[in-house]
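Data block below; observations after.
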Amino acid sequence: YRDNHHLTTYDHRPWSNDGEVYDFERAERQAKADAASFAERCEQRVANGGLCSLAFDTELFGLWWHEGPIFLEAFVEACRQRGVELVALDDALEQTEADPWPSGLDSGTSWGKANSLRTWSSPKVASIADRAREAELRALAAGPSLSLRAARELLALQASDWAFLEADDLAGPYPLERFNGHLENFDAELASVPLGEAALRNLAPTLSLAPLLEP
């Protein structure tokens, strides 16, 4: 990701890829080494108390960081070995006496235009956002009876790309065609209309329903 964009937010020039053919085992070793190093730094940071937060844009794992899940798994294990407790943010805030919230940071931010959410929720793409949310609620209402096919189509229609492309007219009718296609397949699956496994293509081949259905 950093090599692709060359500059970070603060104009730091990170190292470049060395141009070698991609080697998964080499990348895996590097991800685990980075995770161990990061866990050590986190341990040092909270040694005298306090809270160290770690937040990711989940899109990062899908588009740019193939080894991201490997890094996270290794990081969690390294923290366990070091005795560094990992907790959800809400739980951490209840356990921590935090400083007052800084002024000027009262609203949500994103990497979208003007650091707002309008790329994904403006009037032009409101229908996408509304229908995606409605589909999600229907999936949750189905509970354990939700099929893997329906869950795959839900994930596909929830992709942020459709609203992103539609908001700025970047791909003609393509984003709406893709969104509507996944929504139609989702509707058909909920209505128990068999679509056939061949149509799954590469939609989350190892999908688990647990993260969606469990509290």
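What follows draws every value from the coordinates through simple rules; no lab data is involved. This one's a predicted model, so the numbers in the text were calculated from it and none came from an experiment. Positions of Cβ are backbone-derived with ideal geometry, glycine not excepted, and every protein chain shown enters the neighbour counts.
Taking 7 Å steps out from each Cα toward its Cβ at residue 117 and residue 95 produces label points 2.8 nm apart. Exposure proxy shown here: for 182, 66, the number of other Cβ atoms within 10 Å sets the order, fewest to most, as 66, 182.
Label sites at residue 131 and residue 187, each approximated as a point 7 angstrom past Cα along Cα to Cβ, lie 0.8 nm apart. Derived scalar couplings between HN and Hα for segment 31-48 equal 4, 5, 5, 4, 5, 5, 5, 5, 4, 4, 5, 5, 4, 5, 5, 9, 4, 9 Hz in order, rounded to whole Hz, by the Karplus curve 6.51 cos²θ - 1.76 cosθ + 1.60 (θ = phi - 60°), x for Gly and Pro. Taking amide hydrogens as placed 1.01 Å from N in the peptide plane, the amide H of residue 116 sits under 5 Å from those of 110, each at least 5 positions away in sequence or on another chain.
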